[in-house]
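The values are calculated or read from the model by the stated rules, or taken from the named source; none is laboratory data. As the structure is a computational prediction, the values presented were derived from the model and not from experiment. All Cβ positions, even for glycine, are placed from backbone atoms using ideal geometry, and neighbour counts span all protein chains on display. Keep in mind that these areas ignore ligands, DNA and RNA; they rest on the heavy atoms of the full protein, side chains included. Shrake-Rupley method; radii C 1.70, N 1.55, O 1.52, S 1.80 Å.
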Amino acid sequence: MTDIAARRARRAIVGWWLLGALACVLLPWYLSADKTLLQSLPGVLGGADTASAVVQALAHGKSWLWSVIVGLALCAVGVALPGGRRQGAWLIAGAGLGLAGLLGSGFAIGARGWAFESLDASLGALPAGQAGLGLGGVLALASLLMLFGLGLARRGFFRGDLFIACAVVGCSALLLLFVALPVLRALAGAFFDEGGALSLAALAERIGNERVWGLGCIAGGGRCGVAWNTLLLGLLTAAGTTVLGTLIALLAERGGRRFARPLQGLALLPIITPPFVVGLGLILLFGRAGLVNQGLEAAFGITPSRWFYGVFGIWLAQLFAFTPIAFMIMRGVVQGVSPTLEEAAQTLRADRRKVFLTVTLPLLKPGLANAFLVGFIESMADFGNPIVVGGQYAVLSTEIFFAIVGAQYDQGRAASLSLILTVFALAIFALQRRLLGRTSFTTLTGKGDAGVPMALPAGLKRLINAVTLPWLAFTVVVYLFAFAGGFVQTWGRDYTPTLAHLKTAFDLQWGDYGLVWAGTAWNSLFTTVRLAAIAAPICAAIGLLMAWLLARTQFRGQGMFEFGALLAFAIPGTVLGVSYILAFNVPPFELTGTGLIIVLCFVFRNLPVGVRAGTAAFKQIDKSLDEASTLLRASTATTLRRVVLPLLKPALVAALVYSFVRSMTTVSAVIFLVTAENELATTYIIGRVGNGDYGVALAYCTVLMILMTLATALIQRLVGERSIGRRAAPQP
């Protein structure tokens, strides 16, 4: 190791140790229920609710905190030693002791004493409990994790690279804490009865009943259970969106250039649209006061009814909402089909129909499987459309919601239903991986491909035009109705244009003390923008860092690391929201009711997109660029910042835009996390829909879409485009 690298390593070790030491001595260790951080700082050497870890251990009976203090003392011995394996051993021992004591006591000791009755019976009652970790505890935890990673690097793990070791340890801890732990905590709740005792009978009672698995709809004696309803709806939506997305992708890529740009714009609509806008637009068309029912009544005297509400309404709304996502997946796959293979088949005297069935279609299998998986999971996790147009058709996402927020407040039942939802999602995920197996679908290589894509068979082209063009026209009509509904007096009775709904939500007045944000929606809009703006860069940074670790490094457990990074994609948003409620409402991490828990949910719900975008981008960047920077004695962190990051601007834009927009429009994952102080735009809209105030809800949706379009343009402007030095084509 060079002198420069040795000095950098020593500064890193000393810096992380100092952070941990200062956190234990000068910062409040616990969260205070009635004081902010600034109010707590003067009491660091005083009261039990504001004292630092050292004072808590010495004066307030928190003896279990000595493990953290002793662990940092052992790390201090390692800090004083020269770099090498011996230093690594001291760092690992000290950080390991500190982490074991901090996390062990954190989960074992609650606000009033032992968190488990068995500990209370075997060890006796504690004189005092503890609150959740405050700033001091969180910084000490981060310090110990980094010291542990640095110790591993000193012992020769991760090729001795300190940055890689800290990145792997830090990212793994984040995945365990904010993905694996909440999900396991929530699903484990299904196995305990109301008294907190382990009981398989309680699980069987919650999920093995007529409400969940009933088949009354087949026998003609009633309704089917919510599990069958959800599974049926998921399969119908997945199949419908996959077929429609594939047909539209073929139209965009093989149907002529005139369709490419309009379809690209259409594909962006569901990304910047709240998930229930389509449902609201369909209500304006097919609802009891919709144009279709009014027209039928005027023409044939048919009394308006609620025929649209139910499985058909949800399925139609989900088709409109999720087909563009399948289209984006399939469009990239269709573009990747090598024209040379199609030309080779035609050279062997196969007609276009046979070439499509035997060459083109089999090469689309990965895209078809991914589109089906995405459609299925999106359908199961969808909460907005079932709550808006579901009527009496119950699905798991709405049942989980009512189990948590309803009068019954049954966390065990919510956990049991979440378990069913998760099993469905993971089963489809595993089935997809098994069907694709190890088959190779590679068609893009380093060799040039000057072939011309084959034109679509005549019969297939007629089918595509007959299905997709009316569907696309219908999509435009639904969105137009959704927007128009926010600017008429009362849909179905009075179509007079008005801005009254917009004024109700976003009224501005001038009072005695200046501008007054008088509209009822301003608070939810400001809160949503603030939390989404905080979450987006964090999500993009962690996602791209994980992508770099997966694409550029090799370490033990990399497969589990990748599974954890993508696990949030396979977990429906409803399950993730329930899991955060159950995991973070008790020590050591008491976050329920705060804006921080919403930010964390935003970050880790959208994290897989950043990982996937970054992984795809890294495959285009030659490793020789990293190696050249390393040969010039740049550290790994410097190489990432100065060489790799400028080439990742497209992936960075994708991660930032997706995270921000999805945070602004998500509803299923955060419906359980909002409070009166932290109301979000989507929950405000859901509340208005529940009250039948569709005009204000749709006006708010229009404002959201305009805002997110501007935010997308701003992010692209701020990040910019990557600059690749290439010669310009010669002028003729």
FRET E, pair Y409, A299, Förster distance 51 Å, beta-carbon r, rounded to 0.05 = 0.60
Quick one: which residues, 5+ away or cross-chain, put their amide H under 5 Å from the amide H of I109? H built at 1.01 Å from N.
-> A115
In degrees from 0 to 90, rounded to the nearest 10, what is the angle of the helix 649-665 Cα long axis to the longest principal axis of the chain?
-> 80 degrees
Step through the residues of the range 242-247 one at a time and calculate ³J(HN,Hα) from phi using the Karplus curve (6.51 cos²θ - 1.76 cosθ + 1.60, θ = phi - 60°), rounding each to whole Hz and writing x for Gly and Pro.
-> 5, 5, 5, x, 5, 4
What is the helix-to-structure angle for 681-690, meaning the angle in degrees between its Cα long axis and the longest Cα principal axis of the chain, kept from 0 to 90 and rounded to the nearest 10?
-> 50 degrees
Between V586 and V77, what length in nm is gained on full extension when 0.36 nm per residue of separation is reduced by their alpha carbon distance?
-> 179.8 nm
At 7 Å along the Cα-to-beta-carbon direction for both A637 and T347, put a label point, then send me their distance in nm to one decimal.
-> 5.5 nm
Long-range amide H contacts for A128: which residues qualify at under 5 Å (H placed 1.01 Å from N, peptide plane, sequence gap of 5 or more or a different chain)?
-> none
Determine how large the accessible area of T303 is when every protein chain is in place; take a 1.4 Å probe and give Å² rounded to the nearest 10.
-> 100 Å²
What is the pair-distance distribution P(r) of the range 530-587, computed from all Cα-Cα distances in 5 Å bins starting at 0, with each bin given as a whole percent?
-> 4, 14, 16, 20, 23, 14, 7, 1
What's the center-to-center distance, using Cα atoms, between the range 200-256 and the range 326-396 in Å?
-> 18 Å
Here the cysteines of the chain lacking a cysteine partner under 4.7 Å (Cβ to Cβ) are C24, C75, C166, C171, C539, C601, C701
Restricting to Cα pairs under 8 Å and 6 or more apart, the percent relative contact order of the chain works out to 15 percent
Given a cut-off of under 8 Å on Cα pairs at least six residues apart, what relative contact order in percent is computed for the range 59-131?
-> 29 percent
F192's amide H: which non-local residues (gap 5+, or another chain) put their own amide H closer than 5 Å, with H modeled 1.01 Å from N in plane and none for Pro or chain starts?
-> S199
Beyond 42 Å, what share of the Cα-Cα pairs of the chain is found? Please give it as a whole percent.
-> 37 percent
Subtracting the Cα-Cα distance from 0.36 nm times the residue separation, let me have the gained length for A533 to K35 in nm, one decimal.
-> 176.7 nm
Magnitude of the Cβ-charge dipole (Lys and Arg +1, Asp and Glu -1) of the chain about the Cα centre, nearest 20 debye, reported as 2860 debye
When every protein chain stays in place and a 1.4 Å probe is rolled, W517, W213 sorted by accessible area with the largest first are W517, W213
Towards the positive end of the charge dipole of the chain, with charges on Cβ (+1 Lys, Arg; -1 Asp, Glu), say which of Q716, A188, T347 has the farthest Cα.
-> T347
Calc'd 3J(HN,Hα), the range 198-210, phi into Karplus 6.51 cos²θ - 1.76 cosθ + 1.60 (θ = phi - 60°), Hz, glycine/Pro = x, comes to 5, 8, 6, 5, 5, 5, 4, 5, 6, 9, x, 10, 4
Would you compute, from DSSP H runs of 4+ residues alone, the mean residue ellipticity of the chain at 222 nm, taking -39500 (n - 2.57) per run and dividing by the full residue count, rounded to the nearest 500?
-> -21000 deg cm²/dmol
So how tilted is helix 694-719 from the main axis of the chain? Cα-based, degrees 0 to 90, rounded to 10.
-> 60 degrees
Within the set K365/K461; K461/K649; K35/K62, which residue pairs have Cα atoms separated by over 26 Å?
-> K461/K649
Any idea how far the Cα center of the range 684-707 sits from the one of the range 61-110, in Å?
-> 52 Å
When N is the residue count of the range 500-566, what does its C-alpha Rg come to as a fraction of 2.2 N^0.38 Å?
-> 2.01
Taking a probe of 1.4 angstrom, what is the accessible area of E297 in Å², to the nearest 10?
-> 90 Å²
HN-Hα couplings for the range 518-535 via Karplus (6.51, -1.76, 1.60; θ = phi - 60°), in whole Hz with x for Gly/Pro, come out as 7, x, 6, 9, 4, 4, 5, 5, 4, 5, 5, 5, 5, 5, 5, 5, 6, 6
Give the accessible area for L174 in Å² (nearest 10); use a 1.4 Å probe, count only protein heavy atoms, and leave out ligands, DNA and RNA.
-> 50 Å²
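Suppose we flag trypsin sites (Lys or Arg not before Pro) only when DSSP calls them loop and at most 10 other Cβ atoms lie within 10 Å. Which is the longest uninterrupted stretch of the chain?
My reading of the result: 1-348 is the longest stretch.
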